[in-house]
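Report on one structure; see the data block that follows.
Bear in mind these aren't lab numbers, they're just calculated from the coordinates by the rules spelled out. Treat the numbers as computed from the prediction; the structure is a model and nothing was measured. Glycine also receives a Cβ, built like all others from the backbone with ideal geometry; neighbour counts cover every protein chain displayed.
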Ligand SMILES: [Zn+2]
């Protein structure tokens, strides 16, 4: 699983392209930030994670169906992922970050509202500097 996560999943690659095209300069998987967010701009305290709908248990999403076998194993695994997501989010927010959680299915259907918000926060922050 970690191999899959670190290689950059497709929605993550699409997101990076989108941000690059918008002129955003960002870092990927910064080790100095809680949970190594997929994309972050430390200077402007912005961070984004794209969550796979299955691994992170996206509620009411067609991509998330608990497998029929080993139900307990999967439920516990996904619950742990969600708990980690929450704790990383709180750590980032405590450090003063604006944090954006984006779902794989949003990117896949071209719903880029949160990314647009991220981009506008980025330019707003840069304007102040
Ligand atoms: Zn989803």
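When the chain is treated as a Gaussian network with alpha carbon springs shorter than 10 Å, the biggest mean-square fluctuation among 109, 25, 65 belongs to 109.
What do the square roots of 5 times the Cα gyration tensor eigenvalues come to for the range 50-120, in whole Å, largest first, as semi-axes of the equivalent ellipsoid?
Numbers: eigenvalues 124, 64, 6 Å².
They are 25, 18, 5 Å, listed from largest to smallest.
Once the Cβ-Cβ distance of residue 120 and residue 61 is raised to the sixth power relative to R0 = 30 Å, the FRET efficiency obtained is 0.70.
Considering only 100, 73, 64, the Gaussian network model of the chain with Cα springs below 10 Å gives its largest mean-square fluctuation to 73. Relative to the longest principal axis of the Cα atoms of the chain, the long axis of helix 71-94 makes an angle of roughly 20 degrees. Each of 56, 51 was scored by other Cβ atoms within 10 Å of its Cβ. Arranged with the fewest first, they read 56, 51.
Its DSSP H runs of at least 4 residues, each contributing -39,500 (n - 2.57), put the calculated 222 nm mean residue ellipticity of the chain at -15000 deg cm²/dmol, to the nearest 500. Both the radius of gyration and Dmax for the chain are 15.2, 54 Å, in that order, over alpha-carbon atoms. Once the Cα atoms of helix 10-21 and of the chain are each reduced to a long axis, what angle between those two axes, in degrees from 0 to 90 to the nearest 10, is obtained? The angle comes out near 10 degrees. Among 45, 31, 68, the largest mean-square fluctuation in a Gaussian network model of the chain (Cα springs under 10 Å) belongs to 68.
Placing pseudo-labels 7 Å out from each Cα toward the beta carbon at residue 71 and residue 43 gives an inter-label distance of 5.2 nm.
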